[in-house]
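Below is one structure, written out as structure tokens; comments come after it.
Please treat every number below as a calculation from the coordinates, not as lab data. Here the structure is a predicted model, which is why all the values come from computation and not from measurement. Cβ placement follows ideal geometry from the backbone for every residue including glycine, while neighbour counts extend to all protein chains displayed.
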Amino acid sequence: MSAGVGSDEPEDSLEVRNLMPGSAGAVVQADRIEKVVLTQASAPAPHRTRVPCQVPAAKGRFVNRRRELARARRLVDVGGRRPPRILVVGGMPGVGKSALGFRVAESVRESYSGGVLYINFTELRGGPEPAVSDALVSCLRALGVADAVIPSSLAELTKLFRSHTADEPVLVMLDDVTETGQVRPLVPAAPGSAVLVTSTGRLPELSLDGAELLWLEPLDQTSGERLIKGVCRRAGEEPDALAELVELCGRLPIALEIAAARLRDRPGLSVRALCAEIADTSRGLAALSVGREARVSAVFSLSYRDLPAAAQRMYRLLGALPFRDFDLGLVAVAAGAEQAVAEELLDLLVGAGLLSENADGRCGFHGLVRRHAIDQAHVEDSEDEQINALHRTVRYLLIRTVSADLAAMDSGRLRITPSTEIVRGVTDPFAGEHPKARALDWLDAERANLLAAMKAAADRGWHDMCWQLAESVTALYVSRRYLVDWAESATIGANSAHLGKNAAAEARLRSFGSRAWTELGDLDRAGRELNAALPLAERAGNPRLLASVWEMVARYRDHAEPAAAGQAYDRALELFAGADDGRGVAFTTYFHGRSLAMRARWAEALDVLERARDLVAEVDDERMRGRVLTTLGTTLGRLGRDTEAVEALRQAIGLLGGHRHFEAQAWEALGEIAISAGDAAYGREALRRAVEIHTDLGGPDAERLRVKLAGLPEA
């Protein structure tokens, strides 16, 4: 199998069932161009715009805030043809900003016919631009845009997002924003839309965009008491002590809820006694925190002390890990416990309010609680115990990631990682139905954790695990186009491979990562990575790896130095042939032919593409056969050989029904040839097929083709 780009080319993550051999909507028949017939098979399903509702359900008790809630609703309520609005809900950590946002979104969501989108910037990494790019990709996917048509650059992502939010009002909630630049690209285009931002800052620059600020103070005394009594009614029997407890909790909802849960779960504990415990504990924490934070930490400490020792240990270990959230499997590995035991301990932590559980069953910390857990880990656990827990979890994530890579990608894919050895004796977690989709979904859910694991492994000197994670997770990146993550992980992994003196792994990560840099528009960085990879691959002595690197060089030169691309393709082909890699030869021959076609060297392209057609026919890969035939058909059309062109495109459409982005390209090419041959009616019909597919995928080409169709004369 090809070691290079051809074997790892991105494709739709959704499984599409090709119900009829020939196409998703029509069968093309041709003897001569003037006899082209588009025979209707069955009406294509109408495009259904997905209306997402992503904001997490409001949980827990919500007291007071009536005035703030009313104002927020008024500001984000759909308002006819008014321009989109921005509301910033600000306040200190733990004051209830997100809870207010969830309540507001829940109360107005029915008004937003375009959907309700949610982004938590805590989960996104890197600088402002990478975080915003990730956020836009997430929103576009929620709006139904297929991975295959999601663009790379921030500018194109923003443009497509505005296009998909132009018709119906959309509410976007942005949680834990730290910079103004995270907001502006995510403002929907439709009148009546709104953006609800939560932040610990005031983000004054957004006032230039007409943003309103709603600053949350801690709860007032009465509301704090009502929150506690709502959880533990008997607390009202000690009014003076209850008032003191509210103050000791800093009037912060997170601390009040945990204190109330403690009273509820310990019927013999009086409010007065709890106040005394908090006061004593906060004095003991004075060296670690001051003022309100010391009192709040004391509340967490008391709930923590009520836990059994095993739950306390789990709390500390989870807090000290660098992961944003946890599924049950990761929790069990961190604690070194069976899953049934880990689930019981997890329930205790959630019941005590020290962990929160998401709708998808994953658990995570509030930021203030995590800081407390880290403090406790530093006090009670040895460094060795923390390191061992980290090693267990990184190893667990590596095994799962390698398993996911094997499930999602062809078994013949070039891998420097000893994948078979790593998963030997391990039950395949993705065995059964739809293994590829399930593997990619797991990688997606763990995406942030996997990057954190790579960084932690690199910091600890576990270089093999680091670069193996970085290579294996590319199964996700090539399928769902997380280009920023890909570039970052390739850098981390390549550096670890260098420190671990593994030239092959470093060459693989630098060369393959050049694809991400190229698609992100950083050709200089892509070139530097490839220049570093070539001598490493030469030294590694792996012919397939060296061939792969040269293929990457050729693909890079298609963008940066088109005239020099042919030399690199020739070198890659020579190496693939020497390695007896027929698949690599076939795919690289195709990419060489496509490169020539991109430069309008039609006669040369035809010769190469005809060879590619014959070579790829011997490979069990319908998608690549269809792509070769599409480019071949386009080239034949450019050379005036219309009948042969139509036949090639007919075959391509028959092969690409399960790969709709590429199928649309074949329909468009067929339409262009029919129109150039003077058959506008058939050309229009073929272009309509392409428009239907692009509309369903949600990509920007749908509008481009609509404009083209509108400019054609009616038959």
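Here are the numbers for the structure shown:
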item: 5 angstrom amide H check on Val172, placed H, neighbours 5+ away; result: Leu117, Ala194, Val195, Leu196
item: DSSP beta bridge pairing in the chain, given as percent antiparallel to the nearest 5; result: 25 percent
item: Global form of the stretch 547-620, assessed from the alpha-carbon gyration tensor, a/c cut-off 1.5; result: oblate
item: Mean projected area in nm² (Cα convex hull; one quarter of hull surface) for the stretch 303-460; result: 10.0 nm²
item: Percentage of interatomic Cα-Cα distances in the stretch 309-381 larger than 18 Å; result: 28 percent
item: Residues Ala560 and Arg71, FRET efficiency given R0 of 45 Å [Cβ-Cβ distance, rounded to 0.05]; result: 0.25
item: Note, ³J(HN,Hα) from phi for the stretch 662-672, Karplus 6.51, -1.76, 1.60, rounded to Hz, x at Gly and Pro; result: 6, 4, 4, 4, 5, 4, 5, 4, 4, x, 4
item: Estimated vicinal HN-Hα couplings, Hz - the stretch 561-576 in sequence order (Karplus 6.51, -1.76, 1.60; Gly, Pro = x); result: 9, x, 5, 9, 5, x, 4, 5, 4, 4, 5, 4, 5, 4, 6, 4
item: Convex hull of Cα atoms in the chain, direction-averaged projection (nm²); result: 33.4 nm²
item: Leu712-Leu499 pseudo-label distance in nm [points 7 Å out on the Cα-to-Cβ vector]; result: 5.8 nm
item: Amide H partners (placed H, <5 Å) of Leu355, local residues excluded; result: Val350
item: The chain, relative contact order [Cα under 8 Å, separation at least 6], %; result: 15 percent
item: Gain on full stretching of the segment that runs from Ile374 to Arg305 - 0.36 nm per residue minus C-alpha separation; result: 23.3 nm
item: Cβ-placed point charges (K, R +1; D, E -1), dipole of the stretch 309-381 about Cα centre in debye, nearest 20; result: 300 debye
item: Ranking of Arg233, Arg641 by count of other Cβ atoms within 10 Å, fewest first; result: Arg233, Arg641
item: Violating pairs (Cα-Cα greater than 29 angstrom) within the set Lys436/Lys501; Lys436/Lys708; Lys455/Lys501; result: Lys436/Lys501; Lys436/Lys708
item: The chain - mean residue ellipticity at 222 nm from DSSP helices (-39,500 (n - 2.57) per run, n ≥ 4, rounded to 500); result: -19000 deg cm²/dmol
item: FRET efficiency, Asp524 to Thr222 (Cβ-Cβ, R0 56 Å, nearest 0.05); result: 0.35
item: Percentage relative contact order, the stretch 160-212, counting C-alpha pairs under 8 Å, at least six apart; result: 40 percent
item: Mean Cβ count within 10 Å, highest first, over the residues of peptides 412-420, 256-264, 138-146; result: 256-264, 138-146, 412-420
item: Exposure proxy ranking, count of Cβ atoms within 10 Å, fewest first, for Val691, Val341; result: Val341, Val691
item: 3J(HN,Hα) from dihedral phi, the stretch 100-110, Karplus parametrisation 6.51/-1.76/1.60, rounded to Hz, x for glycine, proline; result: 5, x, 4, 5, 4, 4, 5, 7, 10, 4, 5
item: Segment Arg460-Asn531, extension gain: residue separation times 0.36 nm, minus the distance between their alpha carbons; result: 22.7 nm
item: Set of aspartates and glutamates with alpha-carbon distance to Lys229 below 13 Å, sequence-local pairs under 8 removed; result: Glu237, Glu238, Glu257
item: For Trp215, distant residues with modelled amide H under 5 Å away; result: Gly90
item: Taking N as its residue count, the alpha carbon Rg of the stretch 66-215 over 2.2 N^0.38 Å; result: 0.97
item: Estimated distance in nm for a label pair at Asp280 and Arg264, the labels positioned 7 Å out from Cα along Cα-to-Cβ; result: 2.6 nm
